[in-house]
1. Can you pull the three principal axis extents for the Cα set of region 154-249, in Å, largest first?
2. Along the charge dipole of the chain, pointing to its positive end and built from +1/-1 on Cβ of Lys, Arg, Asp and Glu, which listed residue (Pro90, Ala210, Leu178) has its Cα farthest out?
3. Estimate the FRET efficiency between Leu70 and Thr190 by the formula 1/(1 + (r/R0)^6), using the beta-carbon distance for r and 25 Å for R0, to the nearest 0.05.
4. Expected output is a single nm value to one decimal: the length gained when fully extending between Asp235 and Arg251, i.e. 0.36 nm times separation in residues minus the C-alpha distance. What is it?
5. Is region 74-190 best put as rounded, prolate or oblate by its Cα gyration tensor, with a ≥ b ≥ c the root eigenvalues, rounded for a/c under 1.5, and otherwise prolate when a/b is larger than b/c, oblate when not?
6. So if I place +1 on the C-beta of Lys and Arg and -1 on the C-beta of Asp and Glu, and nothing else carries charge, what would the dipole magnitude of the chain be about its Cα centre? I want it in debye, nearest 20.
7. State in Å² the accessible area per residue of the chain; use a 1.4 Å probe, count heavy atoms of protein chains only, and round to the nearest integer.
8. How big, on average over all directions, is the shadow cast by the Cα convex hull of region 14-153, in nm²?
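The values are calculated or read from the model by the stated rules, or taken from the named source; none is laboratory data. These numbers were taken from a predicted model, which means no experiment stands behind them. Virtual Cβ from ideal backbone geometry, glycine too; neighbours counted across all protein chains shown. Accessible surface areas use protein heavy atoms only, side chains included; no ligands, DNA or RNA. Shrake-Rupley method; radii C 1.70, N 1.55, O 1.52, S 1.80 Å.
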Amino acid sequence: MEQPVTSFALLPGAPDSPVLLHVPHSSRAIPDEVRAGIVLDDGALERELDHITDAHTAELAERAAALAGLRPWRFVNRLSRLVVDPERFPDEREEMAAVGMGAVYTRTTHSAGLRPADTDPEPLLARYFRPYARAMTEAVAGRLAATGRAVIIDVHSYPTEPLPYELHGTGPRPPVCLGTDAFHTPPALTEAAREAFAGCGETGLDSPFAGTYVPLDFYGTDARVGALMVEIRRDTYMTEPGGPAGPGLDRLATALARLVDLV
């Protein structure tokens with residue numbers, strides 16, 4: 001079956017920019033054939049999307065790209081993470097599988113059933129997950145070929161109050177959480193982010209969410225690929241859950257553009 005052209009988009013930046021803003025969780029779109037496998041009624045599904053979607057992060061990345069001195073590239077998921085979550089490991093390495101939220105979710109943020117527990121994930125992995133992973137791999141390879149390095153900035157948001165699905169929800173929840181990887185996040189990248197977001201409130205590390213996304217072809221083996229996850233607490237820029245963006249979005253876009261310029 002042919003991959004829908006609307007599933008994801010690589011939006012070009014400057015030819016000599018190594019930076020790739022990755023926006024995996026901003027969309028609420030679910031194709032009809034995928035919706036048919038979700039057991040929630042329409043109202044419950046809308047409430048789940050309010051909680052699980054990193055609302056307005058695609059707009060945040062778009063504004064930041066326009067403000068940056070050297071326009072970064074953007075890779076944006078056009079479908080909801082309830083279709084597939086492109087940032088999960090597709091195998092036993094994924095710790096979130098323990099709560100029914102591996103690459104294909106079977107449980108909701110509040111531990112209710114989303115899909116039948118015996119759902120075969122393979123059709124969704126084949127149609128959506130693997131093509132996304134290939135395209136993201138090619139996008140990173142393109143930055144390496146053009147500039148000799150790649151810097152993935154993973155753009156996320158998270159709720160002010162922890163949700164039941166969170167495995168590490170008891171720690172600090174600062175306005176900006178930086179997720180790092182021991183191999184792919186050099187100290188200079190973390191310090192650049194701290195400097196860039198200094199005007200947005202406290203910046204913390206790896207709490208409540210840790211790690212960052214790197215395509216598996218490069219993960220743990222290619223030090224030319226730098227990566228950092230930026231998790232923004234939602235009360236700093238929007239009405240929770242799932243409401244409109246506020247003036248904080250402009251401040252964050254300026255900070256994100258500053259980070260792009262610094263790296």
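1. 40, 30, 22
2. Leu178
3. Working: r = 21 Å, r/R0 = 0.82.
Once rounded, the FRET efficiency stands at 0.75.
4. Details: separation 16, 0.36 × 16 = 5.76 nm, distance 1.33 nm.
My answer for the length gained is 4.4 nm.
5. Working: a/c = 2.27, a/b = 1.23, b/c = 1.85.
Here region 74-190 falls in the oblate category.
6. 640
7. Details: 11180 Å² over 263 residues.
Heavy-atom accessible area per residue stands at 43 Å².
8. Numbers: hull surface 35.7 nm².
For the Cα atoms of region 14-153, the hull's average projected area reads 8.9 nm².
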